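What follows draws every value from the coordinates through simple rules; no lab data is involved. What you are looking at is a predicted structure, and each value in this text was computed from that prediction instead of being measured. We place every Cβ from the backbone using ideal geometry, glycine too, and count neighbours over all the protein chains shown.
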Amino acid sequence: AIGKGRSDFCPCVSPGSVECVKRHVNDKRIQLQFDLGPAFWRWKFDEMGEDVSKLWNLEEQKMFESLVEMNPISQGKSFLKPALEILPCHRKEFIVSYYFNVYVPRRISMKNRSGCKIIDTDDDEAG
């Protein structure tokens, strides 16, 4: 239910693992889809989150990650122009969407699991 937070009980084999989190996120996504009905697609929830990565193959994802690391925002560089050149099959909107819906959350997730207390989402060079 909305506003009640999560229960402390998790039936997963490894609570808190990557698989556990993915399962619970997917469960909530399906519930949201059911709750919102056609508005889920009208409001473009289907174009948000990790599902955006399904539009990219593994090679493209790795190329993009390297591009972002080679062009850190903190140094005034931009990955967008090189990404458009190296990934011509993806339009600007899809590249930006991938960055915010897949790349940044994956980095945050990785840093959370590594025990980082302070996470700078603009720190692109610290993989």
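Some observations on this one:
- The slack between K28 and S14, meaning 0.36 nm per residue of separation minus the straight C-alpha distance, is 3.2 nm.
- Label reach from E50 (point 7 Å along Cα→C-beta): in the stretch 13-44, amide nitrogens under 15 Å belong to 13-31.
- Taking the longest Cα principal axis of the chain as reference, the axis of helix 58-70 is set at about 60 degrees.
- Residue order, fewest to most surrounding Cβ atoms within 10 angstrom, among S14, S97: S14, S97
- Counted by neighbouring Cβ atoms within 10 Å, the residues D51, D27 run from fewest to most as D27, D51.
- Signed unit charges on C-beta, dipole axis of the chain, positive-most listed residue V104, I73, V25: V25
- Exceeding the 19 Å Cα-Cα cut-off - candidates K44/K111; K44/K92; K22/K54: K44/K111
- Sites counted here are trypsin sites (Lys or Arg not before Pro) in a DSSP loop (not H, G, I, E or B) having no more than 11 other Cβ atoms within 10 Å; the longest part of the chain that contains none of them is 45-90.
- For the chain, the share of alpha carbon pairs falling in successive 5 Å distance bins from zero is 2, 9, 16, 18, 19, 15, 12, 7, 3, 0 percent.
- Cα centre as origin, Lys/Arg/Asp/Glu Cβ charges: the chain dipole, Debye: 340
- Relative exposure of V104, V18, V68, judged by other C-beta atoms within 10 Å (fewest first): V18, V104, V68
- Spin-label model, F100/E69: points 7 Å from Cα along the beta carbon direction are separated by 2.5 nm.
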